[in-house]
1. Picking from 83, 92, which residue would you name as being closer than 30 Å to residue 142 by Cβ, surrounded by fewer than 10 Cβ atoms within 10 Å (Cβ to Cβ), modelled with pLDDT under 95 and of a type in the set (Gly, Ala, Ser)?
2. Looking at (1) in a strand (DSSP E or B); (2) modelled with pLDDT under 85, can you tell me which one residue 140 breaks?
3. From (1) farther than 19 Å from residue 175 by Cα; (2) free of Cβ contacts under 8 Å to residues at least 12 places away in the same chain; (3) small (Gly, Ala, Ser), pick out the condition that doesn't hold for residue 118.
4. Just checking, which of 48, 28 is open to solvent by 100 Å² or more (accessible area, probe 1.4 Å) and of a type outside the set (Ser, Thr, Tyr)?
5. What tally of residues in the range 155-176 results from selecting those that are assigned to a strand (DSSP E or B), touching a strand residue (DSSP E or B) at 6+ places or on another chain (Cβ under 6 Å), of a type outside the set (Lys, Arg) and open to solvent by 80 Å² or more (accessible area, probe 1.4 Å)?
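The values are calculated or read from the model by the stated rules, or taken from the named source; none is laboratory data. Note that the structure is a prediction, hence the values are computed from the model and not measured. All Cβ positions, even for glycine, are placed from backbone atoms using ideal geometry, and neighbour counts span all protein chains on display. These area figures cover heavy atoms from the full protein model, side chains too; ligands, DNA and RNA do not enter into them. Shrake-Rupley method; radii C 1.70, N 1.55, O 1.52, S 1.80 Å.
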Amino acid sequence: MANPLTTLQSEWAVISDAPWSFLTIAALVAAAVWWIACKYYAGRIAELTEQKSTLEHRVQARNDEIQALNAKLAEALATPKTAQPAEAEKSARYIDPDEIEQSVKIVGKLHGPEIRRGESAVVARSLTSTGDFNPERPFTFRNMKLLLVNFTSSGTMSAFGETKQQFGNVVCKILD
């Protein structure tokens, strides 16, 4: 490619013969370049302005959400806490450690329990249960899951519309 200065020197005779034509064409080319650059940068500025506007709206939405959550938190902290009905009922009722639970309700009690972890068993003098107790299903005793595996005697008694079962010399297997 030739040196622009050398090219201008070699073409100077033509430019000097028609200076107005050269200046007109140079002005038109400069105006076209200016117009294209303005359009490009105007589009770019519009795009960036739109992005800025979108981000500002998102920030405002987040700020509104934060304010709403702060108001909820302040309201929750200002409101006195009330005990849940189940918690209030548990705390008001004396919990006997020898009670047994089956299907999420207390169904009886072990009398004189002896935990024998080495044998994976709980031995008790007796087990008194309500009519809801199923001796063939596992039950919970002191956070252990047990299964009644042996007893020497059993009996049933009914009074005041309630049936109770009595099992003597009980052996229960510790399941977990």
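1. Criteria check complete, one pass: 92.
2. Among (1) in a strand (DSSP E or B); (2) modelled with pLDDT under 85, residue 140 violates only (2).
3. Failed condition: (1).
4. Just a single option satisfies the conditions, and that option is 28.
5. Of all residues in the range 155-176, those assigned to a strand (DSSP E or B) come to 155-159, 162-174.
Filter once more, keeping what is touching a strand residue (DSSP E or B) at 6+ places or on another chain (Cβ under 6 Å): 155-157, 164-168, 170-174.
Those still in the list that are of a type outside the set (Lys, Arg) too: 155-157, 165-168, 170-172, 174.
Retained after the next criterion (residues that are open to solvent by 80 Å² or more (accessible area, probe 1.4 Å)): 156-157.
Qualifying residue count for the region: 2.
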